[in-house]
Amino acid sequence: MQGPVSDPPPCYIIKAGMIYTIRGNLMSVRDNFAVVECGGVGFRIFTNKTTLHDLAKKSGEVLFYCFLYVRESELELYGFPDERSLKLFEMLNSVSGVGPKTALAVIDLDSAPNIMAAIIEKKPDFLTRTSGIGRKTAERIILDLGGKLHLPEAKMLTERMRVDMEVEEALASLGYDRREIKRTLQSLEGEVVSLEDRLKSALKALGRRGG
């Protein structure tokens with residue numbers, strides 16, 4: 001008579017898409033990752049510098065949309081505060097020669113819609129502003145992703161980005177922090193305006209923040 005069948009040994013299968021969101025208490029913010037406690041476990045979530053800068057001013061509960069990057073020797077969890085940034089990160093990471101660290105650097109360039117617009121409108125010079133992205137890599141990103149992204153306002157956004165790049169350089173020469181300049185420009189309403197008007201609006205907004 002055959003004896004009782006024992007339970008099979010536990011099988012642990014990790015898939016890149018098995019973790020989509022993590023909501024929990026923000027424990028700490030480090031140089032290139034945040035630690036979020038959820039269910040008694042502290043998750044190390046790598047993210048871009050702009051997100052880390054914003055998290056440093058927060059406390060309590062946070063929500064990350066996540067991508068689990070699986071390597072032979074380790075697992076790395078990448079997260080973002082919104083789904084659009086996550087989707088853009090995943091697409092960038094799929095391009096040959098663009099790993100997660102480089103994808104994070106691209107995400108730090110600007111808002112997700114602006115980066116998407118630059119890709120759709122074939123603006124490699126915008127992408128090469130980040131460290132680690134040469135012109136060939138920028139052109140590969142545009143070639144691989146340009147047909148997969150859809151953004152009706154792409155042309156308008158790239159025109160405004162051209163103006164904002166000039167505004168950023170002008171304000172940086174006056175001593176303003178580039179991250180604060182970018183955040184201010186992203187907060188301004190309206191379609192493309194003249195360089196002079198955009199500069200005046202940015203100065204006024206920076207003055208209010210400083211005050």
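Please verify whether Leu104 is buried (at least 18 other Cβ atoms within 10 Å of the Cβ), in contact with a Ser or Thr (Cβ under 6 Å, 6 or more places away or on another chain) and closer than 23 Å to Ile181 by Cβ, treating the condition exactly as stated.
Taking the combined requirement at face value, the residue does not satisfy it.
From Glu76, Glu169, Glu90, Glu139, grab the single residue that is assigned by TED's automatic domain parsing to the domain that holds Ile45 and either at negative phi or in a loop (DSSP other than H, G, I, E, B) (or both).
From the options Glu76, Glu169, Glu90, Glu139, the qualifying one is Glu76.
If I ask for residues that are modelled with pLDDT under 90 and of a type in the set (Lys, Arg), which ones from region 136-161 would you list?
Listed by number, the list holds a single entry, Arg160.
Are any residues in region 173-188 modelled with pLDDT of 90 or more, assigned to a helix (DSSP H, G or I) and exposed (fewer than 13 other Cβ atoms within 10 Å of the Cβ), and if so, which ones?
Answer for region 173-188, where residues must be modelled with pLDDT of 90 or more, assigned to a helix (DSSP H, G or I) and exposed (fewer than 13 other Cβ atoms within 10 Å of the Cβ): just Ser173.
Filter region 85-101 down to residues that are in contact with a helix residue (DSSP H, G or I) (Cβ under 8 Å, 6 or more places away or on another chain) and within 14 Å of Thr51 (Cα to Cα) and give me whichever is surrounded by the most Cβ atoms within 10 Å (Cβ to Cβ).
Taking the candidates together, the pick is Phe89.
Between Glu191, Glu169, which is surrounded by fewer than 18 Cβ atoms within 10 Å (Cβ to Cβ), modelled with pLDDT of 90 or more and of a type outside the set (Phe, Trp, Tyr)?
Being surrounded by fewer than 18 Cβ atoms within 10 Å (Cβ to Cβ), modelled with pLDDT of 90 or more and of a type outside the set (Phe, Trp, Tyr) holds for just one of Glu191, Glu169, which is Glu169.
Within region 3-16, is there a residue that is modelled with pLDDT of 85 or more, among the β-branched types (Val, Ile, Thr) and over 26 Å from Lys182 (Cα atoms)?
Scanning region 3-16, I find no residue that is modelled with pLDDT of 85 or more, among the β-branched types (Val, Ile, Thr) and over 26 Å from Lys182 (Cα atoms), so the answer is no.
For Lys101, indicate whether it is under 20 Å from Phe67 (Cα atoms) and of a type in the set (Lys, Arg).
yes
I'm trying to understand the selection: among the residues of region 73-84, which are touching a residue at least 40 places away in the same chain (Cβ under 8 Å) and surrounded by 15 or more Cβ atoms within 10 Å (Cβ to Cβ)?
Step one: of region 73-84, the residues touching a residue at least 40 places away in the same chain (Cβ under 8 Å) are 75, 77, 79.
Passing the criteria: Leu77, Gly79.
Mind listing whichever residues of region 125-134 are in contact with a Ser or Thr (Cβ under 7 Å, 6 or more places away or on another chain) and either at pLDDT 95 or above or surrounded by 16 or more Cβ atoms within 10 Å (Cβ to Cβ) (or both)?
Of the residues in region 125-134, the ones in contact with a Ser or Thr (Cβ under 7 Å, 6 or more places away or on another chain) are 132-134.
Ile133 - this is the single residue of region 125-134 that is in contact with a Ser or Thr (Cβ under 7 Å, 6 or more places away or on another chain) and either at pLDDT 95 or above or surrounded by 16 or more Cβ atoms within 10 Å (Cβ to Cβ) (or both).
Return the residues of region 81-130 that are β-branched (Val, Ile, Thr) and under 11 Å from the mean Cα position of the chain (by Cα); say none if nothing qualifies. First the steps, then the outcome.
In the first step, residues of region 81-130 are kept if they are β-branched (Val, Ile, Thr); the result is 95, 98, 102, 106-107, 115, 119-120, 128, 130.
Passing the criteria: Thr102, Val106, Ile107, Ile115.
The values are calculated or read from the model by the stated rules, or taken from the named source; none is laboratory data. The structure displayed is predicted, hence computed values, not measured ones. Neighbour counts run over all protein chains shown; Cβ positions are idealised from the backbone, glycine included.
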